[in-house]
Amino acid sequence: MEYGRLGNTGLMVSDLCLGCMTFGRETDEAVSKEIVARFLDAGGNFIDTADVYSQGVSEEITGRAIQGVRDDVVLATKVRFPMGDGPNDAGLSRKHITRSCNASLKRLGTDYIDLYQVHCWDAATPLEETLSTLTDLVRAGKVRYVGVSNFTAWQLAKAAGVSELRGFERFVCLQPQYSLVERNIEREILPVCRGEGLGVIPWSPLGGGFLSGKYRRDEKPPEDSRIAGAEEPMEEHWSRRATERNWRVLDAVGALAEATGKSYAQVAFNWLLRQDAVTAPIIGARTMEQLEDNLGATGWELTEEQTRKLSEAGALEETYPYRFIKNAQRI
Ligand SMILES: NC(=O)c1ccc[n+]([C@@H]2O[C@H](COP(=O)([O-])OP(=O)(O)OC[C@H]3O[C@@H](n4cnc5c(N)ncnc54)[C@H](OP(=O)(O)O)[C@@H]3O)[C@@H](O)[C@H]2O)c1
């Protein structure tokens, strides 16, 4: 595995991040611990969880899995979604963030979080309240860096501006959904990340497993698979994955898997790693076999030509105003 800086920080992270969303859900504690141990053994140092994953159980398992090597790990978690039924048990208010951070520290069995991420925009809370609270957590030594997930481009740009003006901590990275089958962030969000120096750590890099090659045109999804069980409004719902465009993308991934001798998943991850804004895709593995497959994403490179072919297979349609602005640059 290789290491690079997270956004404009000095923090070095592995080019694969391990996602712990299945821990305590589809993956029991024993297998989860094996997954973490193997990932660390392969050179990974970057691990992502969230308070809401299995309502705290993922954080507890992750904390136990890294006991003894905690300081060598870049540990990321998140806050925003409900952890109870009360009116202040969700969102990005000062009260909820402060209480949630303390609860996450306890569950993770540590006294600091390396990367504390807001899980999604909260329209009900002033951004200044959220940013000042996160800044206080950094000053208190409970958090090292702050990050963000599921923001639009204007929300990211506004946050960068408010932090600059008010002297608050800046978000150092974005965790967006990004894969060969979900590329909408290429229009506006990736340009903001490049412009503001944010690292990019894509979630659902396989589109919830779609790009692993186990789903087939004209066949129902395999019964025990993530996508078979995905209900609306989950992003990996079958109606969003089984589209003509995505089957074309999958055909292109399959052709390159054959040409390179790599698996579908390895090709799909490698395409993400070739995108210049991407720091580290977050690999989600339910089993040890899947982890081994996904670890093979690095240590080799698709050629420029192969990368271009894959990009073209699912390229976004050119729309206004992007088309107009691009053409205007030639004048
Ligand atoms: N910020 C957010 O809003 C957000 C949202 C989602 C995820 N995340 C983070 O991103 C991480 C990864 O997301 P994700 O789990 O959706 O990623 P993903 O890689 O797109 O999907 C992972 C799922 O695909 C299947 N899979 C994975 N590798 C496979 C392989 N080699 N062969 C066959 N099937 C394979 C497994 O599901 P089955 O075997 O059950 O089919 C696995 O649980 C999470 O752990 C979490 O840390 C963040």
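Here, each number is a calculation from the coordinates, and none is a lab measurement. Just so it is clear, the structure is predicted and the values come from calculations on it, not from any experiment. Using ideal geometry, Cβ is built from the backbone for each residue, glycine included, and neighbour counts are taken over all protein chains shown.
Remarks
- Our helix-only sum for the chain, with -39,500 (n - 2.57) per DSSP H run of n ≥ 4 divided by its residues, gives a mean residue ellipticity at 222 nm of -11500 deg cm²/dmol.
- As a length-normalised measure over Cα pairs under 8 Å and 6 or more apart, the relative contact order of segment 3-328 settles at 17 percent.
- Most mobile of 82, 202, 126 in a GNM of the chain (Cα contacts under 10 Å): 126
- Local electrostatic count, residue 92, Cβ distance below 15 Å [Lys/Arg +1, Asp/Glu -1]: -1
- When both segment 31-74 and segment 222-262 are represented by their alpha-carbon centers, they are found 27 Å apart.
- Pairs spanning more than 30 Å between alpha-carbon atoms, out of 33/95; 78/158; 78/220; 214/309; 33/214; 220/309: 33/95; 78/220.
- Rounded to 5, percent antiparallel among DSSP beta bridges of segment 3-328: 15
- The residues 182, 305, 312, when put in order of fewest to most other Cβ atoms within 10 Å, stand as 305, 312, 182.
- Radius 12 Å from Cβ of residue 54, net charge of other residues (Lys, Arg +1; Asp, Glu -1): -4
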